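The values are calculated or read from the model by the stated rules, or taken from the named source; none is laboratory data. For clarity, every value in this text was computed on a predicted model and none was experimentally measured. Because the Cβ atoms are built from the backbone with ideal geometry, glycine has one as well, and the counts that use them run over all protein chains shown. Only protein heavy atoms, including side chains, enter the accessible area calculation; ligands, DNA and RNA are left aside. Shrake-Rupley method; radii C 1.70, N 1.55, O 1.52, S 1.80 Å.
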Amino acid sequence: MTGKPTALYVHFPFCVQKCRYCDFLSFASPELIPAYMEALISEVSRTVRQLSQDGRQISSIFIGGGTPSLMSESQLSRLMDSVTDAPLCADAEITIESNPGTLTKDLLTSMRRMGINRLSIGLQSADNKELAALGRVHTFEQFEKNYAAARDAGFSNINIDLMSALPGQTTLSYEQTLSRVLALEPEHISAYSLIIEEDTPFYAYYKLSEDCGFILPPLPDEDSERRMYHRTKQLLAGQGYHRYEISNYARPGYECRHNIVYWRRKDYIGTGLGAASMIENVRFSNTKDIRRYIELMRCGRLDDCREQIEHLSAADQMSEFMFLGLRMTDGISADEFQKTFGQTITAVYGPVIKKHIADGTLIFDRSRGQLYLTDFGLDVSSYVMSDFIID
């Protein structure tokens, strides 16, 4: 069967405990997991049936969170069974996120048997003091054991999440984290700089100077943060990792196909609490109220669960095409822009493109029809992308 490719996201919002920096839709409420799983499986089943009826084909599945590896084998098995009869591409990428300390040999073996072929592990740091400062519940030694078990279970496509600019982190300690991770030879590395988000313990501690019940070392200064950023690029490139997106590096052929759907503005549908979707330039998301979500799914009221429905204007679509596409190092295609919007890219963005080429942040390779950020442009990407938003 063939049909229009559509990516499927599945959200599991539960964690062992909430990390101090995290503003994701997640929480430590294990008593709600059984009822939530019933609701989630119901929604996924309904969604894949609808995709099939609409002549669509699932190109990738991403089970994110939260910590999806907290599911029991039976819960995960039932979830995967709900997509067994889905119109799934033969080579579909199926990813599950996990945290060290929640993975066992049996669970990893079961994941592979269920068809999950990509594992993402949230390490963040190889320094146990830095992990403790973040509020993580694992050690680097637990991660190493889980990573080895994943390889033994047959996972040949593993991503490791890392963070820089952490409390008390130095350029040296960050380089040691990179070196220890590179020695394991994962296929993919996501490397992000810590951002202090509102409504998190870190924000209260570092921005508001509130007493949060813990004492943390200071954050690295701006110069140290920049050194860590540049060392990431240098060390990973030296080991054969291609930087294909601002914060993502991969061995050739191991780029995350699911995330590329978002950056290329292809269709995707989200299931689970608060999950976002975009189908045919209509954006919507599920309720973020977990008890309402569970009740609506119990009653089969999927349409009532969906909120914030937005029909994107042509200006919205062009803006997203630019600032999402420019996140990728190969940039955007001028031909694709014209094919999609019926106008040349220079007709819409000529002055902005000219400005940033002069500033040294953009290159327009006219022989290939590709517009992409320079290395300097990637360093100041937020500034560049803001100029492509049409009010």
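As a length-normalised measure over Cα pairs under 8 Å and 6 or more apart, the relative contact order of the chain settles at 15 percent.
For the chain, the Kirkwood hydrodynamic radius comes to 22.4 Å, computed from all pairs of different C-alpha atoms. Its relative contact order, with pairs defined as Cα atoms under 8 Å and 6+ residues apart, puts the stretch 179-337 at 18 percent.
Just check the stretch 117-270 against the gyration tensor rule for me: Cα atoms, a ≥ b ≥ c as the square roots of the eigenvalues, rounded for a/c under 1.5, and otherwise prolate or oblate depending on whether a/b exceeds b/c. Prolate shape, in that a/c is at least 1.5 and a/b is the bigger ratio.
Calculated accessible area for the chain comes out at 45 Å² per residue, all protein chains present (probe 1.4 Å; ligands, DNA, RNA ignored). Our summary gives the stretch 244-336 a relative contact order of 28 percent, counting only alpha carbon pairs under 8 angstrom and 6 or more residues apart.
For the stretch 219-267, the set of chymotrypsin sites (Phe, Trp or Tyr not before Pro) satisfying both a DSSP loop assignment and a count of at most 14 other C-beta atoms within 10 Å is empty.
Karplus-derived 3J(HN,Hα) values for the stretch 309-323, using 6.51 cos²θ - 1.76 cosθ + 1.60 with θ = phi - 60°, are 6, 9, 8, 6, 6, 4, 5, 4, 5, 5, 4, 5, 3, 6, 6 Hz; glycine and proline are entered as x. For the chain, taking a cut-off of 4.7 Å between Cβ atoms, the unpaired cysteines are Cys15, Cys89, Cys212, Cys256, Cys299, Cys305.
In summary, the convex hull built on the alpha carbon positions of the stretch 283-389 has an orientation-averaged projected area of 8.7 nm².
Mean residue ellipticity at 222 nm, helices only, the chain: -11500 deg cm²/dmol; runs of at least 4 DSSP H residues each add -39,500 (n - 2.57), and the sum is divided by the number of residues. Look at where the Cα atoms of the stretch 323-345 and of the stretch 198-241 average out, and the two centres are 33 Å apart. Of the GluC sites (Glu not before Pro) in the stretch 138-225, the ones in a loop by DSSP (not H, G, I, E or B) with at most 15 other beta carbons within 10 Å are Glu197, Glu198, Glu210.
Over 22 Å between C-alpha atoms is what I'm after, so list which of Lys266/Lys339; Lys233/Lys355; Lys266/Lys354; Lys18/Lys129; Lys145/Lys233 land there. Cα-Cα > 22 Å for Lys233/Lys355; Lys266/Lys354; Lys145/Lys233; rest within.
Pairs of C-alpha atoms in the stretch 13-109 farther apart than 16 Å represent 60 percent of all such pairs. For the pair the stretch 1-67 and the stretch 265-286, the centres of their Cα atoms are 11 angstrom apart. Rounded, prolate or oblate: which fits the stretch 187-290 when a ≥ b ≥ c are the square roots of the eigenvalues of the alpha-carbon gyration tensor, with rounded for a/c under 1.5 and prolate only if a/b beats b/c? The shape class here is oblate.
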